[in-house]
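K.L.:
Let me give you the structure first, and then I'll get to my questions.
Coordinate-derived values only; no laboratory data. Please read these numbers as outputs of a predicted model, since none were measured by experiment. Here the Cβ is made from the backbone with ideal geometry for all residues, glycine too, and neighbour counts use every protein chain on show.
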Amino acid sequence: MKTITPSQFDLEQIADSGQCFRWNRISDYKYRIVAFGKILNIEQDLETGSVTMDCSDSDFDNIWKDYFDLGTDYGKIIERIPEDDEYLKRAASICDGIRIIKQDPWETLITFIISQRKNIPAIKASVEKICKAAGKVIGEIDGEKLYAFPTPKELAALSESDLSACSLGYRAAYIYKAAHAVADGAVDLDKWKELSDDKLFDSLCSLYGVGKKVANCTMLFGFNRLDSFPIDVWMNKIRDRYYPNDFPIEAYRPYGGIMQQYMFAYERSINS
DNA sequence: AGGCAGGCGCTCC
DNA sequence: GGAGCGCCTGCC
């Protein structure tokens, strides 16, 4: 067990922000997360804000501390919001419990390829199916097996029809090609970590089935490129309504992606 | 029952 | 280089 009291940390806001598709809500402010081949039960006390994780000290130090981006001071980032950006200031004041979760690049790439033209429950269902079809069993809860996200080789072992059985639709071909490119070594995601933002963006977009939205999400959530600014239908709506001269993304540097998350989460919250 | 959901590739111009 | 269109699937 490990208990911490981080600032700017709200489990529910993070869970609803659409970054991670393997967080399962157990009850209010209580989740089971599968990531990096591990299962983490996590709970937040609303009174004190303290967060309790059922993990060893070493797993906390080696995995979860980084995963939850606990070394970043989001309060300081919020202070950088341009004074006249009323919409963003409001969004950040409401959604200031969001953090950018540092996920595995491979898993992020695949899950965001799956995400295109799907809603969140459908994305989660497909992700669980590919984990079950190709991933290792890492635990069992109430007779239900839990699976790790498959490695590139494990995923590449599936045929296109195996993938189609995971409700991927036309994305099955995208996943198939991506899995083979990474498993064969034609694409080396570890090497991609060294690339500049521009080069990484171009490399991601060169993958079949990856366009700028998916590339930006993969960069933001899988490569911790905090300036990546994904634009989806919600962001288009926000721009149309509140930013007639477009988003001042230069003013958001180098944290455009965090600003995007506040706006995205806020707009969704007021429309639900 | 028909449109649409956190897009992308392809095919035109 | 950009607008238009088809696409798997599940869900309301």
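K.L.:
Ignoring everything except DSSP H segments at least 4 long, calculate the 222 nm mean residue ellipticity for chain A; use -39,500 (n - 2.57) per segment, divide by total residues, nearest 500.
P.N.:
Mean residue ellipticity at 222 nm (helix-derived): -12500 deg cm²/dmol.
K.L.:
Filter A:Lys38/A:Lys145; A:Lys132/A:Lys213; A:Lys118/A:Lys237; A:Lys76/A:Lys199; A:Lys76/A:Lys237 down to the pairs with a C-alpha to C-alpha distance above 24 Å, please.
P.N.:
A:Lys132/A:Lys213; A:Lys76/A:Lys199; A:Lys76/A:Lys237
K.L.:
Turning to a different aspect of this structure: Compute, for segment A:105-222, the length of the dipole vector about the Cα centre, with Cβ point charges of +1 (Lys, Arg) and -1 (Asp, Glu) only. Units Debye, rounded to 20.
P.N.:
Charge dipole, segment A:105-222, about its Cα centre: 360 debye, nearest 20.
K.L.:
If you don't mind, another one. Taking springs between alpha-carbon atoms closer than 10 angstrom, which of A:Asn245, A:Asn41, A:Asn62 fluctuates most in the Gaussian network model of chain A?
P.N.:
Of the options given, A:Asn245 has the highest mean-square fluctuation.
K.L.:
Next up: Expressed in whole Å with the largest first, what are the equivalent ellipsoid semi-axes of segment A:105-222 derived from the C-alpha gyration tensor as the square root of 5 times each eigenvalue?
P.N.:
One finds semi-axes of 24, 15, 14 Å for segment A:105-222.
K.L.:
Could you run the Karplus curve 6.51 cos²θ - 1.76 cosθ + 1.60 with θ = phi - 60° over segment A:228-242 and give me ³J(HN,Hα) per residue in whole Hz, x for Gly and Pro?
P.N.:
Working through the residues one at a time gives 5, 10, x, 10, 10, 4, 5, 5, 4, 5, 4, 4, 4, 8, 10 Hz.
K.L.:
Continuing with the same structure: Taking amide H atoms as placed 1.01 Å from N in the peptide plane, list the residues 5 or more away in sequence, or in a different chain, whose amide H sits under 5 Å from that of A:Gly139.
P.N.:
Counting only residues 5 or more places away or on other chains, the set is A:Leu146.
K.L.:
Trypsin sites (Lys or Arg not before Pro) within segment A:42-116: which are DSSP loop residues with at most 16 other Cβ atoms inside 10 Å?
P.N.:
Counting only loop positions with at most 16 other Cβ atoms within 10 Å, the trypsin sites (Lys or Arg not before Pro) in segment A:42-116 are A:Arg80.
K.L.:
Using alpha carbon coordinates only, what is the Rg to Rh ratio of segment A:15-127, with Rh defined as the Kirkwood radius?
P.N.:
Rounded to two decimals, Rg over Rh is 0.98.
K.L.:
Once Rh for chain A is found with the Kirkwood sum over Cα pairs, what is the Stokes-Einstein diffusion coefficient at 4 °C and 1.567 mPa s, in µm²/s?
P.N.:
67 µm²/s
K.L.:
Taking the Cβ of each residue in A:Leu226, A:Leu189 as the centre, tally the other Cβ atoms inside 10 Å and list the residues starting with the fewest.
P.N.:
Lowest to highest Cβ neighbour count: A:Leu189, A:Leu226.
K.L.:
Restricting to Cα pairs below 8 Å that are 6+ residues apart, what does the relative contact order work out to for chain A? Please round to a whole percent.
P.N.:
Over chain A, the number comes to 20 percent.
K.L.:
In percent, how large is the relative contact order of segment A:2-94, given Cα pairs closer than 8 Å and 6 or more residues apart?
P.N.:
26 percent
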